[in-house]
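The values are calculated or read from the model by the stated rules, or taken from the named source; none is laboratory data. This is a predicted model, so every value here is computed, not measured. Don't worry about glycine lacking a Cβ; one is built from the backbone with ideal geometry, like all the others, and counts go over all protein chains shown. Please note that ligands, DNA and RNA were not included when accessible areas were found on the heavy atoms of the full protein model with its side chains. Shrake-Rupley method; radii C 1.70, N 1.55, O 1.52, S 1.80 Å.
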Number of protein chains: 4
Amino acid sequence: MPSKSPASFKVVNTLDAKHRKLTRKDVQAAAKRLKNWGRWGKDDELGTLNFVSAADIVAAAKLVRKGKVFSLALDFDAKGPQGGKSKYPALGRFNPVHVMLRTGTDAYSGVLDHRKIRGADDLVIMPLQCGTQWDGLGHIFYEDFMWNGYDCRTVTTAGAQKAGIEKTKDRMVGRGVLLDIPALLGKKWLPDGLAITNEMLDAAEAHQKVKVKRGDYLIVRTGHVEAKLAAKTWDGYSGGDAPGLAFESLDWLHKRQVAAVVTDTWGVEVRPNETEDTNQPWHWIAIPIMGLSVGEIFYLADLAKDCKRDGRYEFLFVAPALPITGAVGSPVNPLAIK
Amino acid sequence: MPSKSPASFKVVNTLDAKHRKLTRKDVQAAAKRLKNWGRWGKDDELGTLNFVSAADIVAAAKLVRKGKVFSLALDFDAKGPQGGKSKYPALGRFNPVHVMLRTGTDAYSGVLDHRKIRGADDLVIMPLQCGTQWDGLGHIFYEDFMWNGYDCRTVTTAGAQKAGIEKTKDRMVGRGVLLDIPALLGKKWLPDGLAITNEMLDAAEAHQKVKVKRGDYLIVRTGHVEAKLAAKTWDGYSGGDAPGLAFESLDWLHKRQVAAVVTDTWGVEVRPNETEDTNQPWHWIAIPIMGLSVGEIFYLADLAKDCKRDGRYEFLFVAPALPITGAVGSPVNPLAIK
Amino acid sequence: MPSKSPASFKVVNTLDAKHRKLTRKDVQAAAKRLKNWGRWGKDDELGTLNFVSAADIVAAAKLVRKGKVFSLALDFDAKGPQGGKSKYPALGRFNPVHVMLRTGTDAYSGVLDHRKIRGADDLVIMPLQCGTQWDGLGHIFYEDFMWNGYDCRTVTTAGAQKAGIEKTKDRMVGRGVLLDIPALLGKKWLPDGLAITNEMLDAAEAHQKVKVKRGDYLIVRTGHVEAKLAAKTWDGYSGGDAPGLAFESLDWLHKRQVAAVVTDTWGVEVRPNETEDTNQPWHWIAIPIMGLSVGEIFYLADLAKDCKRDGRYEFLFVAPALPITGAVGSPVNPLAIK
Amino acid sequence: MPSKSPASFKVVNTLDAKHRKLTRKDVQAAAKRLKNWGRWGKDDELGTLNFVSAADIVAAAKLVRKGKVFSLALDFDAKGPQGGKSKYPALGRFNPVHVMLRTGTDAYSGVLDHRKIRGADDLVIMPLQCGTQWDGLGHIFYEDFMWNGYDCRTVTTAGAQKAGIEKTKDRMVGRGVLLDIPALLGKKWLPDGLAITNEMLDAAEAHQKVKVKRGDYLIVRTGHVEAKLAAKTWDGYSGGDAPGLAFESLDWLHKRQVAAVVTDTWGVEVRPNETEDTNQPWHWIAIPIMGLSVGEIFYLADLAKDCKRDGRYEFLFVAPALPITGAVGSPVNPLAIK
């Protein structure tokens, strides 16, 4: 595909009400069209992570050529993305609370010496989706169902009895591909409400000379985290308006058979959503219907710069979730290794 | 080195008091002999992780040949290794408490529908060293000092102001080498109190035809986790008697310039310790004096079997800590990729 | 009623299977017979606490004659009643985790001085029913209903939308009456499985020369906490076999119109229960059907001794729940003031 | 004392720098002048709570005449006083996090029925001083000392080894006296920075015809909580500017021998403080030097209205701390019973 001038893309910005015309029927049709239930057997708990083959992993490892490692995590602390102002209702998530169980000041004060060792120890209290994180397959339900058609009642206060995040513990390794949409559009970062269309995804591939394929971990940069860091406030980030994938991208992802999709936004999809009668319609389909693992709040600035510099937008991607039994999400320190 | 019969190793078992003759003077001498303070500059916060070069990472990636991924983590849940009976004083660690903030039963009950999305969310409360974990460089002090000679008072109730675990966020990648000591000695797992001597480390290398070198992540299997899993109880595990590295191994590790050391025990070093006048003397030196990153409570059974099967004890090792700002440890889902 | 020799009571001990003959039908009949739904209006969220009148409070205050205060709470700490061994499935409760946010060792180390004040601060993580506690009216459901016939779906992961413990914040004051059953039966404490029958309750009143009446906070001593403290282990306490109220006591309590019932056991009612087809059948009726506030794990030893000494088994009882919005229980430091 | 017109009080408002002239020397002099160390023996852990005699409690109970109970607690929830904007550095406190361990939606969904009981259970995570609370005697240090001259190193990450809040478990009962300063001054609530002088305390007594005496729980109303509730924001409350007691009130309280002091502000004393070289100078003296128990963030609106209505500013005060072992503070549901 010949590269295209930024100005020539059809702009869809959902801040404008005319771009919020998606209906419940569209969502239902997508559910029918994109459903992967049973595709990997009736007992499957991994969904699209099944697309990654051993050969893909071997090939991905070969992309490590300069020995450079990029952490795609924000640090987990009180300065994290929760707690900012929002016009949307809160979800009860908060920044990690890190507390010490023993300290160097204890050591200095001599109060540990009866143990014959001076050490510090600590503890964290954290919503599993408070920062850079994976959505597990138990995170979103479609009507009374979760991934693979399991009854949503398998996710109780005792956790997810099916498809808990621990099931992915030896997955989350493969080829990562970064599609840098602001770079495509000649912007520092995308404005809130901008929907990333399939046309743009195609164009980004062409622009970057990379092709997303079966089993890839697709990482879509919007620049949203960077915009908030530059503004020195997370106001409006968590749950707020944001650039993000258009609903139609579900078909694109389905066709490409990606293993997972990751962005630097709070919720992957464009906000305001393309509809007012469902909240996060893309999620309704991606997670329970397609079985797609979704990564959010990734920090992509350094990786994007490096990719631009060396022209290589593919790398070994290793992003192991913490195997917390029955969890529907997990904080993660994802690595891109080039 | 010609391979040696298991029977010919000098057995050091600290359950026998005569093998607990290490003195405070020995520890002080080791501190002097093995001190790496200033080696990587007066502002260093990474210690021996500095041994890993970009070339090492590229070389390690080339070890990925069959696309097989091993998670070396135990699942994080109420069945974890904390809370077992112990004859030693408790440290206040407990198994992770995983609680749900929204559930599939909420969804089923219709109480989420006002949000126009049905989802589950969760939260964890966990001591950072309650399961498979990294010790950070702020975890242990030597007298009034931490790694690199920083004042131990830099680790306050506000966390570690120096060398917090988040500083390692783009490290913890390189060549992993497994030394399987029970395999060397013809045992399923090692008995409590058995000290792994330098002679055994050398012999394991010879036996496995692998050589530990600068920048490696050395993983020493004792079989201790497996013994407890087989016994279906963690009694005696956390803080209890265990096989583990002899104090003299510090010199071996120093000479080999490993990046980190990992075991499947609670505390790496042999317990009872080789002395009664210090607690965990190996830790006194390894962490604050050498700046060694230490991994504990790793699950090594499957990896060990595979290594035995294919005769390859080296692999790409990726074990990113959660970058919790100021933390002195971190739960981790470490991956060995072959 | 003339006092009766201990030997003359009919002994019901549910460790013997023949005393576990209660049926689901009995429970259903009790639900019908004892239902207080609507008794205090369709919007009531307080249940039997409504029995306490202002005059009762004035009268109760007059019982304060020697200015002696008894705390009926166990201390909240790691030595609390959770975590003991049990043959019954665990409920996920654990002892309080108390952590420090700033310390005197910080102060001593000088690291707080930039604040121009030296102070300590702390935090607790605790299941609300891990120690001495009130059961709120949202704690137990009868079929799909909670107290007053509210739909059980009003208790979601967002808490109890109806009858949260905070609704009791200016209640929990009135006349307390202690019935000391071991004293009646000439025992130090009651054996596991012993059911406290209505005959025994009547006899205890006669023996102690006190009459339980409308609006009273009835405190029934079994000695179970003391037995465990004497044994220096909580094994078998939380969720284990215990002495406790017989199912028939529901009628007695209903007739007497008590405001609340409190015991020194984990779960008020006798265990094993008088049936195997429901778990805690007394709770099925007491809380959702009658709207009875229930106190558990109270420490009664000192109060009981004092009552025996001065022959007065009535006192001012003040046991304010922490008004945690939407909570279904609350830790409490209940006071008996004589 | 004849009552005085509001206009005639000398106004001290620390928003004006000229009213911030207190020096470190003044604080040191107060420490010397007001020190109660040893007053109740060298092992005392209760401080001024010792002023309350049994006779005081009996007398206080007699103040219960209409059977009306006032809870002086704010509800503990996400809408609490933490998290507001502040120009002062944060202390790491946050509003309570209340999570459910089992729910009515679980019940409705049938997932609890294998237990043969349908119930809900819950858990709280809360800084002990996040809402209506007692400061324990381990909360503030004077140089290297805490109350009674104990070494401040007795408060470690393991909690307060001396004078933990649990030591007060059968105290916190006595005569409560409300002094309503806004009523005295003819205001709805006091402005930030207004210092309540000894002259005002005396005048409030005269105005209300009540006399504060030995062993009283003195409750000083400023209206600050009400001002924030009216403004529908806690911005500026926690740690922010506020009306409050003048430093000189320490002498007044010392002379009157009160058991404890309580206000409806975050930190009792006037803010900005009367000095810039110490932070919370009143606390430096009140807690570690005098051994005074201090209550903060009390809700006094309803009580104040009732006192105004019936002209009685004294009542039975019962405010039992949760006996969390080693805690330096405690949430509380304080009751005033009239």
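Label-point distances for B:Asp16 to the equivalent site in the other copies, using a point 7 angstrom along Cα→C-beta, read 5.9, 8.4, 8.5 nm when ranked shortest first.
Sorted from shortest to longest, the distances between the B:Lys305 label points of this copy and the other copies are 4.6, 5.9, 7.1 nm, with each point 7 Å from Cα along the line through the beta carbon.
For C:Glu276, the point set 7 Å out from Cα toward Cβ sits 5.3, 6.0, 7.8 nm from its twins in the other copies, listed from shortest up.
For chain B, the mean residue ellipticity at 222 nm estimated from helices alone is -6000 deg cm²/dmol, where every DSSP H run of n ≥ 4 contributes -39500 (n - 2.57) and the total is divided by all residues, rounded to the nearest 500. Taking the longest Cα principal axis of chain D as reference, the axis of helix D:24-34 is set at about 80 degrees.
Add +1 for every Lys or Arg and -1 for every Asp or Glu among the other residues with Cβ under 12 Å from the Cβ of D:Leu123, and state the total. With Lys, Arg at +1 and Asp, Glu at -1, the neighbours total 0. As an equivalent ellipsoid, chain B spans semi-axes of 32, 24, 22 angstrom, where each value is the square root of five times an eigenvalue of the C-alpha gyration tensor, largest first. Under the classification rounded if a/c is under 1.5, otherwise prolate if a/b is larger than b/c and oblate if not, where does segment A:6-56 fall, given a ≥ b ≥ c as square roots of the Cα gyration tensor eigenvalues? Oblate is the answer for segment A:6-56, as a/c is 1.5 or above yet b/c matches or exceeds a/b. Accessible surface area normalised per residue over segment A:98-161 is 22 Å², counting heavy atoms of protein chains with a 1.4 Å rolling probe.
Here the protein assembly as shown has 53 percent of its accessible surface on carbon and sulfur atoms, given a 1.4 Å probe and all protein chains in place. Restricting the count to DSSP beta bridges whose residues both fall in the protein assembly as shown, what percent are antiparallel, rounded to a multiple of 5? Just about 65 percent of them are antiparallel. Straight distance only, please: which lysines reach the Cα of A:Lys85 with their own Cα at less than 18 Å, same-chain residues fewer than 8 apart left out? Excluding near neighbours in sequence, the set is A:Lys228, A:Lys232, D:Lys79, D:Lys85, D:Lys87, D:Lys232. Axis of helix C:301-310 versus longest Cα principal axis of chain C: the two differ by about 60°, to the nearest ten degrees. Note on chain D: dipole from Cβ charges, positive end direction compared against D:Val64, D:Thr156, D:Phe51; the farthest Cα belongs to D:Val64. Give me D for segment B:69-118 in µm² s⁻¹, whole number, from Stokes-Einstein with Rh from the Kirkwood sum over alpha-carbon pairs, 20 °C and 1.002 mPa s. Once the numbers are plugged in, D ends up at 147 µm²/s. Other residues whose C-beta falls under 14 angstrom from the C-beta of A:Ala31 contribute a net charge of +2, scoring Lys and Arg +1 and Asp and Glu -1.
Mean silhouette area of segment D:214-287, derived from the convex hull of its C-alpha atoms and averaged over all directions, reads 4.8 nm². Total buried accessible area between B and A, probe 1.4 Å, nearest 100: 7000 Å².
The amide H of D:Met146, built 1.01 Å from its N in the peptide plane, has D:Asp151, D:Cys152 as neighbours under 5 Å, considering only residues 5 or more places off or on other chains.
Each Cα pair of the protein assembly as shown feeds into the Kirkwood radius, which the Stokes-Einstein equation turns, at 10 °C and 1.306 mPa s, into a diffusion coefficient of 48 µm²/s. Rounded is the label for segment A:225-338, because a/c, from the alpha-carbon gyration tensor with a ≥ b ≥ c as root eigenvalues, stays below 1.5.
Simple spin-label estimate for C:Ala90 and D:Val58 gives 5.0 nm between the two label positions (7 Å along the Cα-to-Cβ direction from each Cα).
Per the Kirkwood treatment, what hydrodynamic radius in Å, one decimal, follows for segment D:158-269 from the mean inverse distance over all distinct Cα pairs? In segment D:158-269 this quantity evaluates to 15.1 Å. The residues of segment A:222-338 present an accessible area of 21 Å² per residue when probed at 1.4 Å with all protein chains retained.
Measuring between their Cα centroids, segment B:112-180 and segment C:46-102 lie 37 Å from each other.
With K and R counted +1 and D and E -1, the other residues having a Cβ less than 15 Å from that of C:Thr132 yield a net charge of -4. Computed over chain A with a Gaussian network model linking Cα atoms closer than 10 Å, the most mobile of A:Thr197, A:Thr154, A:Thr265 is A:Thr154. Going by a 1.4 Å probe on protein heavy atoms, which residues of segment C:319-335 end up with at least 40 Å² less accessible surface in the whole assembly than in their chain alone? Checking the loss per residue gives C:Pro320, C:Leu322, C:Pro323, C:Ile324, C:Thr325, C:Val328, C:Asn333, C:Leu335.
Beta bridges assigned by DSSP with both partners in chain B are antiparallel in approximately 65 percent of cases. Across segment C:1-111, the mean sequence separation of Cα contacts (distance under 8 Å, 6 or more residues apart), normalised by length, yields a relative contact order of 12 percent.
Where a ≥ b ≥ c are the square roots of the eigenvalues of the C-alpha gyration tensor, would you call segment D:1-158 rounded, which needs a/c under 1.5, or, failing that, prolate if a/b is larger than b/c, or oblate? Verdict is prolate for segment D:1-158. Amide hydrogen proximity for A:Thr23: with H placed 1.01 Å from N in the peptide plane, no residue at 5 or more positions away or on another chain lies under 5 Å. Computed about the Cα centre, the dipole magnitude for the protein assembly as shown is approximately 0 debye when only Lys and Arg (+1) and Asp and Glu (-1) carry charge, each at its Cβ. Counts of other chain beta carbons within 10 angstrom of each beta carbon in peptide A:134-145 average 4.
About the centre of its Cα atoms, segment A:10-154 shows a dipole size close to 820 debye [charges on the beta carbon of Lys, Arg (+1) and Asp, Glu (-1) only; nearest 20 debye]. Summed over the residues of segment B:17-90 and divided among them, the accessible surface reaches 54 Å² per residue at a probe radius of 1.4 Å. Taking every alpha-carbon pair under 8 Å whose residues sit at least 6 apart, segment D:228-338 reaches a relative contact order of 21 percent. Summarising the strand pairing of segment D:184-338, around 30 percent of its internal DSSP beta bridges are antiparallel. Comparing B:Leu194, B:Ala260, B:Leu250 along the charge dipole axis of segment B:192-279, the residue lying farthest to the positive side is B:Ala260, per the Cβ-charge model. Shielding of peptide D:278-284 by partners, expressed as the average count of other chain Cβ atoms within 10 Å per residue Cβ, is 3.
Please list, or write none, the lysines whose alpha carbon is within less than 30 Å of the alpha carbon of A:Lys32, excluding same-chain residues fewer than 8 places away. Qualifying lysines at Cα under 30 Å: A:Lys10, A:Lys18, A:Lys21, A:Lys42, A:Lys162, A:Lys167, A:Lys169, A:Lys211, A:Lys213, A:Lys255, B:Lys116. Considering only B:Phe94, B:Phe76, B:Ile117, the residue lying farthest towards the positive end of the dipole of segment B:71-132 is B:Phe94, judged by Cα position with unit charges set on Cβ.
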